[in-house]
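Readers should treat all values here as calculations from the given coordinates under stated rules, not as data from a laboratory. Values in this document were obtained by computation on a predicted structure and should not be read as measured data. Counting neighbours? That spans all protein chains shown, and the Cβs are built from the backbone with ideal geometry, glycine included.
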Amino acid sequence: MIYCRAEDTSGGGGGVSNVERLDKRLAATGKWSRKEARALVREGRVLVDGRPCRVPEEKVEEGAAVTVDGAAVSSGGPVYLMLHKPAGVVSSTDEPGERTVLDLLGEEYRNLGLFPAGRLDKDTEGLILLTNDGPLAHRLLSPRHHVDKVYYMEVDGVLDQDDVEAVRAGVVLGDGYACLPGELELLSNGSAHITIQEGKYHQVKRMLASRGKRVTYLKRVGFGPLALDEDLPKGAFRPLTGEELESLFE
């Protein structure tokens, strides 16, 4: 077996497939920054299949066993987290002067390239999927895949059957944009579940405003096959279950 190898700069074929820089492999765990990972390697604290590799740029095979100070290091891979976003937090990876959804995560999830698959307004609560799986996020957010987004809302005003029919037909916003048809499930005179398949800026609020009703509270409770875990406190997160992951990839 090849334990580590220097990067092949010859341009020829026939090299080892599925290899990765050692410092990148360590940083992908979220436990160390790339700078910290390089220092660990140079200090001789990292072994690959039992042998020391002292050059951070060296390549290791995907299935190689990597240890730091004798502790095994995971090979990494895609991460999928369900977050119960509280109001006042922005759905961004970096927003100067603001608290972001990434600020709610533990240290073990830092430096993994996580991002929110879709945004919620700053004052909107509820389900956010955080992942580093770009292709999956693209499929979930692409309008042509018709992924449902379900919100619980409360409005200043009375919701009625006319609103149900308007949402089902496709609400026309104040700027003339015609929304795709959605569903409105009345819960009381002033509350409902609304299901849409788009994610335009302030869309739910603008839809109801066009009906003469102001949204006073908004919470996303469903995203595709995922339902918000109501046992998850605001600001808390957890990895998706195996069943939830299977439903996402169906």
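A few comments on the model shown:
- Distance between modelled label sites at Glu20 and Arg34, nm, 7 Å Cα→Cβ extension: 1.4
- Toward the positive end of the charge dipole of the chain, with +1 on the Cβ of Lys and Arg and -1 on the Cβ of Asp and Glu, the farthest Cα among Ala39, Ala227, Met153 is that of Ala39.
- Straight-distance crosslink candidates among lysines, where the alpha carbon sits under 17 Å from Lys24 and sequence neighbours closer than 8 are dropped: Lys35, Lys59
- Over all other residues within a Cβ to Cβ distance under 15 Å of Leu47, the charged ones net out to -1, with Lys and Arg as +1 and Asp and Glu as -1.
- Computed helical MRE - 222 nm, the chain, DSSP H runs ≥ 4 contributing -39500 (n - 2.57), nearest 500: -5000 deg cm²/dmol
- The lysines within cross-link reach of Lys122, meaning a Cα-to-Cα straight distance under 27 Å and a gap of 8 or more places when in the same chain, are Lys85, Lys149, Lys200, Lys205, Lys213, Lys219, Lys234.
- Approximate shape of the chain as ellipsoid semi-axes (Cα gyration tensor, √5λ), whole Å, largest first: 46, 18, 15
- Length added when fully stretched, Arg214-His138, from 0.36 nm per residue minus Cα-Cα: 24.3 nm
- The convex hull around the C-alpha trace of the range 46-176, projected and averaged over every direction, spans 12.9 square nanometres.
- For the range 19-98, dividing the convex hull volume of the Cα atoms by the residue count gives 124 Å³ per residue.
- Length gained on full extension, Gln197 to Ala65, computed as 0.36 nm times the residue gap minus the Cα-Cα distance: 43.2 nm.
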